[in-house]
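The next block holds one structure in the form of structure tokens; read it before the comments.
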Amino acid sequence: MVLATGMAAAQESQTDDGRYDSADIARHELRWLMDCPTAGMLPRGTFDLDMRTFPVGGLQSSIDIGLMDRFSIGLAYGGSRILSNSTPDWNPRMEFHLKFRMLEESQDFPAIAVGFSSQGFGPYDSDNNRYYIKSKGFYLAMSKNFNFYENPLGLHWGLNYSFENDEDNDPSFFLGFNTELGEDMSFMTEYDLAFNDNRRYDIYGLGRGFLNIGIAWFITDELSLELDLRDLLKNHSGLEAIDREVRLVYVEYFY
């Protein structure tokens with residue numbers, strides 16, 4: 001059994017000239033819930049474009065490339081006040097993603113992947129040298145799929161160590177799941193215990209962790225539009241309303 005976004009792994013159906021027929025490519029593996037990684041991977045020779053909004057007119061984008069079936073790399077960049085009539089406040093640097101799947105999923109064991117991501121979520125706080133939501137840094141992610149009353153269910157969990165740790169340098173843990181809502185939609189939720197962000201200073205870390213939920217609509221197997229509700233526990237002090245995010249993800253083969 002192989003881990004997948006809609007629980008259907010990417011099928012590599014080639015035409016006579018060696019090109020892939022996009023009509024025969026099933027939905028790709030789920031690589032992230034919202035902020036938390038899974039053990040899912042991009043197939044070799046594919047790339048994904050991931051664009052998401054965040055409060056204060058922010059926009060964050062990334063591109064990841066499947067160099068091998070078990071290894072991918074990526075770049076990410078963004079800034080605040082891009083979707084506004086103010087001067088954009090760009091992030092101070094380009095961020096990086098790396099991911100390697102150590103173990104494929106089997107009937108008895110989950111898929112296991114290790115990776116690194118320096119991209120956090122939300123505005124960059126230059127005073128504290130961190131993003132609103134810390135990047136995952138180095139992480140270990142595990143994923144296992146089941147059928148729950150004939151409906152596919154993916155469970156995901158892991159641990160991470162962020163390098164945005166000037167105020168709180170504990171490792172943290174995360175878990176979540178995703179499931180299908182009919183043929184074209186899926187539901188996902190995640191909970192980051194945020195042990196590395198619970199020191200109750202400024203606007204960060206009230207010790208409740210970060211609970212997020214999202215619904216994705218697959219316009220095609222390659223293109224999805226997602227609506228996420230973030231920080232349902234209002235872990236950040238002074239938060240007046242739940243964060244809302246729109247996310248667009250496109251996956252395609254290079255050839």
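Taken together, the values in this text are just the output of simple stated rules run on the coordinates, not laboratory data. This structure is a prediction, so every number in the text was calculated from the model and none was measured.
Quick notes
- 10 Å-binned pair-distance histogram of region 113-213 (Cα, whole percent): 14, 42, 27, 14, 3, 0
- In straight-distance terms, cross-link reach from K234 covers every one of the lysines whose alpha-carbon lies under 28 Å from its own, apart from those fewer than eight places away in the same chain; here that gives K134, K136.
- Over the chain, relative contact order from alpha-carbon pairs under 8 Å, at least 6 apart, %: 16
- q = 0.12, 0.13, 0.15 Å⁻¹: log10 I(q)/I(0) that the Debye formula gives for region 22-253, counting C-alpha atoms only: -0.64, -0.76, -1.04
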